[in-house]
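The values are calculated or read from the model by the stated rules, or taken from the named source; none is laboratory data. Predicted, not measured: the structure shown is a model, and the values here were computed from it. Heads up, the Cβs are rebuilt from the backbone with ideal geometry, glycines too, and the neighbour counts pull from every protein chain shown.
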Amino acid sequence: MEKSEAKRLLEQAEEAWEAEQWLCSAELYEQVLAHYPDEGPSAGWWYDAALAHKFLRNWAKACELGRQAAARSPRGEQDPAFWNLGVAATIQRDWATARDAWEGFGIPMPPGEGEINGSFGMACVRLDTGGEREVVWIQRLCPTRGRVVSVPVTRCRRFGEIVVHDGEPTGERTFNGQQVAVFDELLLFEPSSLPTLQVSVNAAEAGDVEALVDAFFAQDFGAEPASSFHLLCACCSEGRIDWSEAGTPAHGGSQTVWLAAPQAEARRLLDTWAKAAGRTWSRLEPAG
């Protein structure tokens, strides 16, 4: 391929990119890269081709091209080529490549081989299924994967599932002085078997409701009082929210609590909780 032809194809690739014609753009870049894989700007061409396939959710191709982009990018300098490769390799469950990509980006990995199950702090993820959007809290297991530790009210989503999220924050939450990013979900990585239930409780004090939540979390189950859920417009959801100010604290009286637990276990924990004075419950049933 003559360089004049390569230049023409690159111009077309950029035009397709601007028009968000991701597959066309990637194919044009690949045509050029087949002849000029190691030109000065080729790392950027590999990166754009891989990113286009990320947008298309073609993770195998994003991983394949991402390896080429990362191989031509500086290690340890937070180059995005390594981040996108880490995401694609994680989704492909190519743990060796994922570990190397995160190290190449500049994030130390826990020792060992295989699946990454570290402790990378808390974050929030915006679930998006069938047009429903809900922000939940996750415990991050790696730079792009996290376990849901909220009880989602979105249909078919569950406490304990593992999700993969994007790397660009689309909002921020502050809780007790700690700032955490909100990321958009890319996909559901592992489902959870825990059903979502709802129950009506009556408690004398706010501390009684907190005791119920603690009892469920102590068994690796979930519990969320209705007061912890808030409806936000898209603009507010993608902005900065101080949850310690926006949140309504637990309170006494009658209210609904969402639970994530097998029904028999939920009933047992509720019965134990209700042995204390001023605590009762009723109408335990599947949510939704």
State which residue is modelled with the lowest pLDDT when the search covers only the stretch 137-163 and only residues that are surrounded by fewer than 21 Cβ atoms within 10 Å (Cβ to Cβ) and assigned to a strand (DSSP E or B). W137
In the stretch 162-187, which residues are in contact (Cβ under 8 Å) with a residue 40 or more places away in the chain and aliphatic (A, V, I, L, M)? V164, V180, A181, V182, L186, L187
Filter the stretch 196-212 for residues that are touching an Asp or Glu at 6+ places or on another chain (Cβ under 8 Å) and under 10 Å from V151 (Cβ atoms); the one that is surrounded by the fewest Cβ atoms within 10 Å (Cβ to Cβ) is Q198
Subset of the stretch 172-184 [crowded, with 20+ Cβ neighbours inside 10 Å and aliphatic (A, V, I, L, M)]: V182
Pick from the stretch 262-288 the residues that are in a loop (DSSP other than H, G, I, E, B) and in contact with a Lys or Arg (Cβ under 9 Å, 6 or more places away or on another chain): which of them is modelled with the highest pLDDT? A287
Given the options L56, L65, name the one that is touching a helix residue (DSSP H, G or I) at 6+ places or on another chain (Cβ under 6 Å) and buried (at least 18 other Cβ atoms within 10 Å of the Cβ). L65
What is the number of the single condition among (1) surrounded by 18 or more Cβ atoms within 10 Å (Cβ to Cβ); (2) modelled with pLDDT of 90 or more that P169 does not meet? (1)
Is it the case that some residue within the stretch 219-242 is outside any helix (DSSP H, G or I), more than 30 Å from T280 (Cα to Cα), under 19 Å from the mean Cα position of the chain (by Cα) and modelled with pLDDT of 95 or more? no
Can you name the number of the only condition in (1) touching a Leu at 6+ places or on another chain (Cβ under 6 Å); (2) at pLDDT below 95 that A101 fails? (2)
Can you list residue pairs whose Cβ atoms sit under 6 Å apart, with the first residue in the stretch 38-65 being within 18 Å of Q21 (Cα to Cα) and the second being among the β-branched types (V, I, T) and part of a helix (DSSP H, G or I)? Count only pairs 6 or more apart in sequence or on different chains. W59/I91
